[in-house]
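Below is one structure, written out as structure tokens; comments come after it.
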Amino acid sequence: MKRLSTILMTSILLVQIAPAVSAKQKGDWNNVKAFEHYSIAVKTKLGETYYGLMQSVDDSSMVVQIADSDGFTRQEINFQRHEVEKVWSATLRFGEHHVVKAALIGAATGFAAGFATARVRLARDNTDPYIGMEPGVGLFYGAAAGALVGAFWKKKHKKDELVYSV
């Protein structure tokens, strides 16, 4: 009986709270106005997403200086309010390389693979004098491979909090 009443009370509370949570409006253009001169992401009704710095905003439009992977471009786009589907605050990442992080991940992976290889070889043949070298060799090759991946892998711009949605 106690379990049934707990389930019933939980269900009633969920039904009462759910409409209030889903009814939260994000359609206030004044929220967009507060992000003037901040980094934003804009999704148009055509499905295109642009990242950049909001230069100006008024009741009917906003002007965004577009950002690419290396920095801000000279291109500015004027978005009319009726063209905008969503606006987020954004973190713009320019030229971030992750060589050290990728090298550490690669080194750990190489060490683990070398250790596993050594364990398998040790189980098969205990007379090979080079069995203990696999973790060290794996560590070296894994770090080198991870550093190469990290040198060419750049992080993309990131959407943060949703500011406006139609």
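Of the listed requirements (1) of a type in the set (A, V, I, L, M); (2) at pLDDT 75 or above; (3) in a helix (DSSP H, G or I), residue 100 misses just one: (2).
Kindly list the number of the only condition in (1) modelled with pLDDT under 70; (2) in contact with a Pro (Cβ under 6 Å, 6 or more places away or on another chain) that fails for residue 111. The single condition residue 111 does not satisfy is (1).
The values are calculated or read from the model by the stated rules, or taken from the named source; none is laboratory data. Here the structure is a predicted model, which is why all the values come from computation and not from measurement. Quick reminder, even Gly has a Cβ in these numbers, built from the backbone with ideal geometry, and neighbours come from all protein chains shown.
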